[in-house]
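Each reported figure results from applying straightforward, stated rules to the coordinates on display, with no laboratory input. What you are looking at is a predicted structure, and each value in this text was computed from that prediction instead of being measured. With ideal geometry, Cβ positions are generated from the backbone for all residues, glycine too; neighbour counts draw on all protein chains shown.
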Amino acid sequence: MKKTFLKISLVFLSILFCLICMEIGIRVFRRHIWIEEFNGSIAFNKKIKAKIASLVKEGFDKREDYDLGWDITNRIRKDGSVPGLIYHSNAQSIRGTKDYPVTPSPKITRIAAFGDSFIYGQCVSEEDSWASVLEEKYLGQVEVLNFGVNGYGTDQAFLKYKKKGAKFKPDIVIIGLQLENTFRNVNVFRYLYMTHSPPVVTPKPRFVLENGKLRLIKPMPVKNLYDVLSDFDNSEFKKYEYFYIKTFLDYYPFNLSTLGQFISFRYKRWKWGPEYGLSKGAEPFETTLAIVSEFYNDAIKNNAEPFVLIIPISSTFVECSADLQEAFDERGIRYLNAGNGFLKHMDKHKTDWLYYLAPNCKHFTKLGNQILAAEIYDYLNANKNIYFRKTLK
């Protein structure tokens, strides 16, 4: 009996010792490991507090793009991950310094593209972005207006089209769908979804699907943001935040353990994997499908020919996009899965996805943008009878 007790005690102490070592290790390297910190509701670090205070001070709630969450109107900014790279956007919220007439020339086919940073062309100069490369391929017969914005979900891209893009009367509308966007479309506060990224605390709009119809939830005023997030359990926005999930590890006394927080985070990331978000019936899938459908139909009503540009950023997303493509086929939504072009290039040159992503910012390199432009070019030329009604008959 005594020997059994000693064995059990030894096993218990060994496990305890391992847990303590893991706790110490994660605390030491926590700067390199993202951990979501909960304290009753949410614990804010100094950067988050300072960012909210700055937005309130600059009067963010009164900005004309507040209802989109954020935009790139009249901006010049440096890219901290790519030395020497400077991004420009004009007063029309389009990437670049060129201004465009509202009515396009009858001799030019106008393409307008909407989406996130992969549409925008993050990590490369304007001339190396897919939009500029595509323009060059058509030798002045096509112009591409790049309305992409870093961090956007498909919901924000749709709202930007309605507010700022439709008036430019594009002949072709590209609905950019980087597949991780399915999760952004069920997110209100980016801080709850991507805390490991630079602090994006600006609230965003989102659509909720009710009885088969979309209802818009507008962003809450930034001036109320700190109070709402400090007591999010009692906030009306809690029911709209898909990523606000708590496990027993998020409550006292387990939340005192950094190891417990890390385990809780990994569980949530597993639950939010692309296999779930891109499956029929899942909220991210169904919401995204409804947004894309309405976006697509709006473009047609405005006499444009739209198509969805599916942009996968890993082989996993390529494999998980089958349900979404099937749903597009059922609804008669035209789409181009650019992932197929990357897979062909990988097979030919024996590379992997990381080869096409800039190491410091995880977006397409110059080569990646060239492949994307080539895929779009081939797709449009294969469907000339649909997309080129003016210049390329």
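Quick notes on this structure:
- Shown is the FRET efficiency for Ile76 and Ser105, computed with R0 = 35 Å from the Cβ-Cβ distance and rounded to the nearest 0.05: 0.80.
- Cβ-defined net charge surrounding Val188, 12 Å radius [Lys, Arg +1; Asp, Glu -1]: +4
- Sparsely packed loop sites in region 162-225 (the chymotrypsin sites (Phe, Trp or Tyr not before Pro) outside DSSP H, G, I, E and B with at most 12 other Cβ atoms within 10 Å) do not occur.
- From least to most packed, judged by other beta carbons within 10 angstrom and beginning with the fewest, Ile108, Ile119 follow the order Ile108, Ile119.
- Relative to the current alpha-carbon distance between Glu127 and Lys169, full extension at 0.36 nm per residue lengthens the span by 12.7 nm.
- Under 11 Å, Cβ to Cβ, from Thr103 - net charge with Lys/Arg +1 and Asp/Glu -1: +3
- Rounded FRET efficiency, nearest 0.05, which uses the C-beta distance separating His88 from Tyr355 and R0 of 35 Å: 0.80
- Difference of contour (0.36 nm per residue) and Cα-Cα distance, Glu210 to Lys344: 44.2 nm
- Under 5 Å, built H, 5+ apart or other chain: amide partners of Tyr335: Val308
- Charged neighbours of Phe328, selected by a Cβ distance under 13 Å, balance to -1 (K, R count +1; D, E count -1).
- Each of Asn303, Gln92, Pro284 was scored by the projection of its Cα onto the charge dipole of region 46-387, and the greatest displacement toward the positive side belongs to Gln92; charges sit on the C-beta of Lys, Arg, Asp and Glu.
- Between Ile386 and Gln141, the contour length at 0.36 nm per residue exceeds the alpha carbon distance by 86.6 nm.
- Beta bridge orientation in region 46-387: antiparallel %, DSSP, nearest 5: 35 percent
- Dipole of region 85-155 computed with +1 at Lys/Arg Cβ and -1 at Asp/Glu Cβ about the Cα centre; of Ser105, Thr154, Gln122, farthest Cα towards the positive end is Ser105.
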